[in-house]
Amino acid sequence: MVDFALSEEERMIRDLAHEFAEKEIRPVAEYYDEHEGEYPMPVVKKAAQLGLAGGAFGAGGISGVLIVEELSWGCAGIALAIFSSGLAAAAIYGMGTEEQKAKFLPMCMSTEEEVRIGAYGLTEPEAGSDVANISTTAVRDGDFYVLNGTKRFITNGGIADVTVVFATEDKSKGWGGLCAFAIEKGTPGLSEGTVWKKMGVRASHTSDVILDDCRVPLDHRLGDPPGQAKEGAPPRGAFGALGALERTRPAIGSFSLGIGRAALEYAIDYAKERIQFGKPIATRQAIAFKLADMAIEMDAARLIVWRAAWMAANNVPFLRAEGSMSKCFPSDVAMRVTLEALQILGGYGYMREFPVEKWVRDAKIFQIFEGTNEIQRIVIARALTATRFR
């Protein structure tokens, strides 16, 4: 039996997240958008105290994506600051040994007592979607690895308590030469580079991470030591990187849901109140059809996200790239919906005194990071040609 109803617990979690977004996030969203680079620590602390900051990024099933959507409805940049550590956590969980998980997972998971921040260092100046082209090097030196390179556009870069960094031990092996390290804050040779000024999600910290003869202990290399991997051990290197991204894609899709829903609700309210030629513009077919299409696409996007979140929580494999679908389609929808909302508001939508232009700016990045939507379509197409429809 297929059941689309939320459980009582899930409704309570959703309502708690929505109330937090309404009372704690929306009132300060404009401030953090205007004061880019100021990490929203007071809001993150409050979210952690309510239990809203842990486990939602890719591993929390339906409850997780509900939380992300509601907080993104408040402000996607602040929501990203609250949840972005989960990408590092997903990588550690997916690639690390039991000992490494026990050591490093608490470093990127906030609790009621303290905020802990994680970062995921994959992208480089010349390697984005082309993971195999990573040029950051890892050279064995006794009981350490020495890392050199630059990571680009890293969320929480330079401020994280632990940074998962991908590097190559042997570039001639391409994918096979990649490995990953958990590097603690304060490790000599690890430093913050350029802090980037962004178009949107400006409450989220984004910078380069510089590795300059960064000496990392052997046991910080995620996974079992080379040549000692046990049967059934978690994947390392490139496959570990892509596996972490795959697990988090439903959550990325739910960020887009929050942004798109905020824009749709605002556009509906405006269209009902805006009088032109003697009638609310919501009664005009040109506007009414826009609203209808926006609502249809938002509902379809949510169903795709919920399906992928359910599959991830129940260990159902993404044989048809359902994870990629749950990231690609909702982010495209959010872009269309926010632009249509801006059009419905006309000149008001273009002005910074109204929130719609911010939602347009926030929506764009979700078509780009965590795997561009062009790459997602390649992944989906490859899966479709290798899998029979049921």
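The values are calculated or read from the model by the stated rules, or taken from the named source; none is laboratory data. Predicted model only: the values in this text are computed from it and were never measured. A quick note on method: Cβ atoms are made from the backbone with ideal geometry, for glycine too, and the neighbour counts reach across all protein chains shown.
Among (1) under 17 Å from the mean Cα position of the chain (by Cα); (2) assigned to a helix (DSSP H, G or I); (3) not polar (S, T, N, Q), which single condition is residue 52 missing?
Result: residue 52 passes all but (2).
Which residue is nearest to the chain's Cα centre (by Cα), if the candidates are limited to segment 104-144 and must be of a type in the set (A, V, I, L, M) and under 17 Å from residue 40 (Cα atoms)?
Kept after step one, since they are of a type in the set (A, V, I, L, M), are these residues of segment 104-144: 105, 107, 109, 115, 117, 119, 122, 127, 131-132, 134, 138-139.
With under 17 Å from residue 40 (Cα atoms) added as a condition, the list becomes 109, 115, 117, 119.
Details: 109: 15, 115: 18, 117: 14, 119: 11 Å.
Taking the candidates together, the pick is 119.
What number of residues within segment 272-306 satisfy the criterion of being β-branched (Val, Ile, Thr), touching a Lys or Arg at 6+ places or on another chain (Cβ under 9 Å) and under 30 Å from residue 248 (Cβ atoms)?
1
Given the conditions (1) in a strand (DSSP E or B); (2) in contact (Cβ under 8 Å) with a residue 60 or more places away in the chain, report the number of the one that residue 197 does not fulfil.
The number of the failed condition is (1).
Pairs under 8 Å by beta carbon, first residue in a helix (DSSP H, G or I) in segment 14-43, partner charged (D, E, K, R) and loosely packed, with under 14 Cβ neighbours inside 10 Å, six or more apart or different chains?
Note: pairs meeting the criteria are 32/38.
Check off (1) assigned to a loop (DSSP other than H, G, I, E, B); (2) under 19 Å from the mean Cα position of the chain (by Cα) for residue 6 and give me the number that stays unchecked.
Answer for residue 6: the failing condition is (2).
Yes or no, residue by residue, for (1) at pLDDT 95 or above; (2) on the phi > 0 side of the Ramachandran plot; (3) assigned to a helix (DSSP H, G or I):
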residue: 224; (1), (2), (3): no, no, no
residue: 244; (1), (2), (3): no, no, yes
residue: 252; (1), (2), (3): no, no, yes
residue: 257; (1), (2), (3): yes, no, yes
residue: 262; (1), (2), (3): yes, no, yes
residue: 265; (1), (2), (3): yes, no, yes
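Which one is modelled with the lowest pLDDT among residues in segment 295-328 that are surrounded by 24 or more Cβ atoms within 10 Å (Cβ to Cβ) and hydrophobic (A, V, I, L, M, F, W, C)?
Per the stated criteria, the residue is 312.
Just one of the numbered conditions (1) outside any helix (DSSP H, G or I); (2) touching a Leu at 6+ places or on another chain (Cβ under 8 Å); (3) of a type outside the set (Ser, Thr, Tyr) is not true of residue 305; which one?
For residue 305, the failing item is (1).
Within segment 267-279, how many residues turn out to be part of a helix (DSSP H, G or I), surrounded by 16 or more Cβ atoms within 10 Å (Cβ to Cβ) and touching a strand residue (DSSP E or B) at 6+ places or on another chain (Cβ under 9 Å)?
Residues of segment 267-279 that are part of a helix (DSSP H, G or I), as a first pass: 267-273.
This time we only want the ones that are surrounded by 16 or more Cβ atoms within 10 Å (Cβ to Cβ), so: 267-268, 270-271.
Pick out the ones that are also touching a strand residue (DSSP E or B) at 6+ places or on another chain (Cβ under 9 Å) and you get 271.
Counting residues in segment 267-279 that are part of a helix (DSSP H, G or I), surrounded by 16 or more Cβ atoms within 10 Å (Cβ to Cβ) and touching a strand residue (DSSP E or B) at 6+ places or on another chain (Cβ under 9 Å) gives 1.
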